[in-house]
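Read the structure below first, then the notes.
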Amino acid sequence: MIDDYPDTIELDIDRDALRSYLRTRWFISWVAGLGFIGGTLGFLTVTSRLDNYDYNGIQEFLSLLVMGVCGWLLVSLVLSTILYFLLSHRHAAIVATTLRVIVEGGFLRIISHDPARMDRKIHFRSIVDYTIFEDALMRRFGIKALQMTTTGGGNQASLQILGLRECQDARDKLASIDALRENK
């Protein structure tokens with residue numbers, strides 16, 4: 001087989017869509033996580049207050065419960081919004097801007113800043129398969145993820161690259177390069 005590909009190829013990332021996707025996903029995570037805690041705290045505070053409170057009927061009990069839970073949910077929404085803007089909003093832009101995927105000879109190099117700077121170089125020999133992954137939120141932003149399984153095992157056995165433009169073509173190109181350069 002003849003290798004017609006250049007020695008170095010950088011795959012294109014849809015940075016705007018990736019940034020929007022990450023910001024939305026992380027905001028949802030903040031709201032869901034702190035919302036669960038806020039709802040639980042609201043329920044616990046209302047039920048502990050009800051032990052000492054003389055309420056008249058189930059309607060008053062339910063209104064106290066709803067007001068307590070909704071109050072804590074509102075507090076957790078405000079707190080999650082503040083924490084999102086302090087910790088995640090800018091970080092999503094950094095991740096989207098710095099992600100690079102480069103083919104260098106017989107190696108695939110992935111550079112990212114999620115959460116710390118990572119510069120990983122993987123030999124094509126160690127990549128077992130390429131999978132395209134897309135969930136509902138990814139579909140909303142028009143991005144897909146390329147997931148690769150490696151022979152290394154452990155917590156780094158599966159790699160996921162979000163936001164590749166023309167993800168299916170990129171997967172096919174990487175699989176073709178893999179077949180050509182695997183044993184070099």
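The values are calculated or read from the model by the stated rules, or taken from the named source; none is laboratory data. A quick note: this is a predicted structure, and the numbers were derived from the prediction, not measured. Backbone-built Cβ (ideal geometry, glycine too); neighbour counts: all protein chains shown.
Side notes on the structure shown:
- Within segment 129-178, the residues that satisfy the criterion of being assigned to a strand (DSSP E or B) and either touching a His at 6+ places or on another chain (Cβ under 8 Å) or among the aromatic types (Phe, Trp, Tyr) (or both) are Tyr130, Phe133.
- For segment 88-103, the set of residues classified as out of contact with any Asp or Glu (no Cβ under 7 Å at 6 or more places or on another chain), within 30 Å of Asp3 (Cβ to Cβ) and surrounded by fewer than 17 Cβ atoms within 10 Å (Cβ to Cβ) consists of Thr98 only.
- Residue pairs whose Cβ atoms lie under 6 Å apart, separated by 6 or more positions or on different chains, with the first residue in segment 170-184 and at pLDDT 75 or above and the second assigned to a loop (DSSP other than H, G, I, E, B) and loosely packed, with under 15 Cβ neighbours inside 10 Å, are Ile177/Tyr5; Leu180/Met1; Leu180/Asp3.
- Being touching a helix residue (DSSP H, G or I) at 6+ places or on another chain (Cβ under 9 Å), in a strand (DSSP E or B) and either in the same structural domain as Thr45 (by TED's automatic domain parsing) or under 30 Å from Ile9 (Cβ atoms) (or both) holds for only one residue in Val103, Val69, and it is Val103.
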